[in-house]
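The values are calculated or read from the model by the stated rules, or taken from the named source; none is laboratory data. Quick caveat, the model's predicted, so the values are computed rather than measured. As a convention, Cβ positions derive from the backbone with ideal geometry for all residues, glycine included, and neighbour counts pool all protein chains shown.
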DNA sequence: AACAAATGATACTATTATGGTATCATTAAC
DNA sequence: GTTAATGATACCATAATAGTATCATTTGTT
Ligand code: FES
Ligand code: FES
């Protein structure tokens, strides 16, 4: 039902805070203060964003995370993919046992259409556009 | 992430089968055969549909469920509401602890817009339109 | 060189949501 | 009165989510 999970939401918040401090490296501790997200949990999220190339991490004293070059243009859609895997609104519940109606299923077609629209809109929401 | 839960999906399938047998009363046993949904689970679902007025149940020997008058026009949106509660794509994850940014949150506005579109489309998908 | 402050990696735990089952009561046909 | 169905509800099992803990690694500071 919900488009955005907690991970994605927290990630988005953290990225926005980081993006506002253009170029500055923020530690998990600082970000916990800013976002109210539990420290270790936030850390895990930031690590994933680092792996995904959205953030760049710096270890050691004074370390933390900053936004990678050009990544203010990261789209909400990208974050969803990072944290929630492939984007699919219409997983057929027969998929495991081989759906008897694949191809003919009229519902699938309708949901697919909705999905396309949603994806398009999620791609228009960028970090940059949220900062304004 | 997924728009439709298992309940809703199963409900939809069952209703479609019932709608095809115009007026005929189908028992859970018969519907289990037609839909491959586990009996007792399907039963619970059908009971909810009965309470919601989409189906009409008949107890006793030869009993079962049939479609209520005019309910071929039930919309997918209605089913989602019945099984998944109010439709909200954008639950703020701070809702419990009182969101600090309500009102100003730019994300909320964007998701609300998406939500409106999705709802509109879900209201266009009726049982009748799926039978064709 | 030693220490401290940070992240990397990963394993663990707790909580909640989901999917499904079981049981007993009630109703209606024969 | 017996049987075949649903009504209502409580229960259980599994999986997903949210969050914690720990140890290793890197880096700045003294
Ligand atoms: S029933 Fe499998 S795709 Fe619709
Ligand atoms: S942060 Fe609460 S509505 Fe967006």
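Condition first: in contact with a helix residue (DSSP H, G or I) (Cβ under 7 Å, 6 or more places away or on another chain) and over 30 Å from residue B:76 (Cα atoms). Can you find one or more residues in region A:93-101 that meet it?
Of region A:93-101, the ones in contact with a helix residue (DSSP H, G or I) (Cβ under 7 Å, 6 or more places away or on another chain) are A:93.
With over 30 Å from residue B:76 (Cα atoms) added as a condition, the list becomes none.
No.
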Verdict on residue A:77 being in a helix (DSSP H, G or I), in contact (Cβ under 8 Å) with a residue 60 or more places away in the chain, within 14 Å of chain B (Cβ to nearest Cβ) and surrounded by 15 or more Cβ atoms within 10 Å (Cβ to Cβ): no
If I filter region B:100-117 for residues that are under 16 Å from the mean Cα position of the chain (by Cα), modelled with pLDDT of 95 or more and away from ligand 1 (no atom under 16 Å from the Cβ), do I get at least one hit? no
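Just to confirm my filter: which helices (runs of 4 or more DSSP H) fall fully inside region A:1-69 and include at least 1 residues that are over 30 Å from residue B:80 (Cα atoms) and out of contact with any helix residue (DSSP H, G or I) (no Cβ under 8 Å at 6 or more places or on another chain)? Talk me through it step by step, then tell me what you get.
On the way: elements: A:6-20, A:28-35, A:39-51.
Fully inside region A:1-69 and qualifying: A:28-35, A:39-51.
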Filtering region A:34-67 down to residues that are modelled with pLDDT of 95 or more and within 14 Å of chain B (Cβ to nearest Cβ), which residue is farthest from ligand 1 (Cβ to nearest atom)? A:42
